[in-house]
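What follows is a short report on a single structure.
The values are calculated or read from the model by the stated rules, or taken from the named source; none is laboratory data. Remember, predicted model here, so these are calculated numbers, not experimental data. Note that each Cβ is placed from the backbone with ideal geometry, even for glycine, and that neighbours are counted across all protein chains shown.
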Amino acid sequence: MNPLSFGRRVQYALESAVFFLFIGFFRIFGVDTASAIGGFIGREILYRLPLSRRARSNIALAFPDKSAEEVDAILRGMWDNLGRTAGEYGHLSAFRIAGKDARITGNFDRIEKVLAAQNGKGILIISGHFANWELMPFAAAQYGIEGGVVYRPVNNPTVDRWMVNARIVNGLKDQIAKGPQGTRRIFTLLRSGKAVLLLADQKTNEGLPVPFFGRDAMTTPAPATLALKLGATILPVRNERIGGAHFRLQVHDPIDFTPTGDQDEDVYRLTQKINDALEAMVRANPSQWLWLHRRWPKPGDKPRSRRGREAAARQSLSGAGAAVDRDGSSRT
């Protein structure tokens, strides 16, 4: 690893100072008040930032039939949720699934039942940036689910260490950073009949162009590839904020898929089913999903992976074939 430049060290130091200043500020208050203050900051201040333009555009593209007022309501709700989530980072130990102060409810027993039916094979629990997305691994660990959670390291190493430690203290101990070493750990856990939790809703240029809200979105094929290779079941889970700093985790039915034997086609089709499951969860409560991601490619973006390029080529040929079927001749 190359040593950090002086400018980068200064940058990280300033970022860390701001981060811990906010954590300390929110810790002055109880979790409910911290969440409420964060929500106010989100919907009244952050909502007005230029960054909202991307989120507003994404919402309008996903829901072309919604009015400008409806799009704006989803946008403001998203910022309220995001602000609350930020305020709750200083109180992660408060989120429990049992006891008089329980703040997370859900049908966790479904995870246990699916694991029991796997005959020693593991499960992939997939979700997205819904409500406070940090809490799914907390609930799993408290319920007794064994496994690990995949995460993308924060660029700032000081903030990243704090985040990883907070997740270990409150949730699953096996924190798996994305990368080759992390992939090996995922294989080990799934082969041992354990659970692996991951968020599958972000854009990746190394992924596949798979429809999401009717438009191709660069999507990671990793969950589908792992499931097909190891016989793991894919289990979608959605976290929902049900009032203030209280949440409900909904474990959905496992994704039903029968492989055809064509590896590339199977990966693509299963990835499509994953996107369909995520889309359904977003539609259930659009204001609680993080619309700030650059989820869809910009004009001119092309897949970087071989599988992604081949999938794009197949889709192009399929579209041309459909045009011939409709018109009786190819279009130019």
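The residues of the stretch 223-272 that are in a strand (DSSP E or B), over 18 Å from Gly122 (Cβ atoms) and modelled with pLDDT of 95 or more, listed by number, are Arg238, Asn239, Glu240, Arg241, Ile242, His246, Phe247, Arg248, Leu249, Gln250. The set of residues in the stretch 94-134 being within 26 Å of Leu270 (Cα to Cα) and of a type in the set (Lys, Arg) consists of Arg110, Lys113, Lys121.
State yes or no: is Ile126 outside any helix (DSSP H, G or I) and either of a type outside the set (Lys, Arg) or at pLDDT below 95 (or both)? Considered against the rule, which asks whether it is outside any helix (DSSP H, G or I) and either of a type outside the set (Lys, Arg) or at pLDDT below 95 (or both), Ile126 comes out as yes. In the set Ala102, Ala94, only one residue is under 29 Å from Leu14 (Cα atoms) and either out of contact with any Gly (no Cβ under 7 Å at 6 or more places or on another chain) or of a type outside the set (Gly, Ala, Ser) (or both); that residue is Ala94. Cβ-Cβ distances below 6 Å connect the following pairs, each with a first residue in the stretch 71-87 that is acidic (Asp, Glu), a second residue that is surrounded by fewer than 22 Cβ atoms within 10 Å (Cβ to Cβ), and a separation of six or more residues or different chains: Asp80/Arg43.
Within the set Arg238, Arg248, the sole residue that is in contact (Cβ under 8 Å) with a residue 24 or more places away in the chain, closer than 21 Å to Glu134 by Cα and surrounded by fewer than 17 Cβ atoms within 10 Å (Cβ to Cβ) turns out to be Arg248. Can you spot a residue in the stretch 86-95 that is surrounded by fewer than 16 Cβ atoms within 10 Å (Cβ to Cβ) and at pLDDT 95 or above? Within the stretch 86-95 (the criterion being surrounded by fewer than 16 Cβ atoms within 10 Å (Cβ to Cβ) and at pLDDT 95 or above), the answer is yes, since at least one residue qualifies. State whether the residues of the stretch 50-68 include one that is β-branched (Val, Ile, Thr), in contact (Cβ under 8 Å) with a residue 60 or more places away in the chain and surrounded by 14 or more Cβ atoms within 10 Å (Cβ to Cβ). Yes; the residues of the stretch 50-68 include at least one that is β-branched (Val, Ile, Thr), in contact (Cβ under 8 Å) with a residue 60 or more places away in the chain and surrounded by 14 or more Cβ atoms within 10 Å (Cβ to Cβ). On the stretch given as the stretch 186-222, residues that are part of a loop (DSSP other than H, G, I, E, B), surrounded by 20 or more Cβ atoms within 10 Å (Cβ to Cβ) and among the β-branched types (Val, Ile, Thr) total 1. Of all the criteria given as (1) exposed (fewer than 15 other Cβ atoms within 10 Å of the Cβ); (2) out of contact with any Gly (no Cβ under 7 Å at 6 or more places or on another chain); (3) modelled with pLDDT under 95, the one not satisfied by Val154 is (1). Would you check which residues across the stretch 129-172 are over 21 Å from Arg238 (Cα atoms), of a type outside the set (Val, Ile, Thr) and part of a loop (DSSP other than H, G, I, E, B) and list them? Within the stretch 129-172, Pro153, Asn155, Asn156 meet the criteria.
Checking Ala36, Ala55 one by one, the residue that is outside any loop (DSSP other than H, G, I, E, B), within 25 Å of the chain's Cα centre (by Cα), under 19 Å from Glu279 (Cβ atoms) and aliphatic (A, V, I, L, M) is Ala55 and no other. Is the stretch 94-103 home to any residue that is among the acidic types (Asp, Glu) and without any contact (Cβ under 8 Å) to a residue 24 or more places away in the chain? Yes: the stretch 94-103 contains one or more residues that are among the acidic types (Asp, Glu) and without any contact (Cβ under 8 Å) to a residue 24 or more places away in the chain. The set of residues from the stretch 103-121 being more than 20 Å from the chain's Cα centre (by Cα), modelled with pLDDT under 95, part of a loop (DSSP other than H, G, I, E, B) and surrounded by 13 or more Cβ atoms within 10 Å (Cβ to Cβ) comprises Gln118, Lys121.
Of the residues making up the stretch 156-194, those that are more than 16 Å from Trp133 (Cα to Cα), touching a residue at least 60 places away in the same chain (Cβ under 8 Å) and not hydrophobic (A, V, I, L, M, F, W, C) are Asn156, Pro157, Thr158, Arg191, Ser192, Gly193, Lys194.
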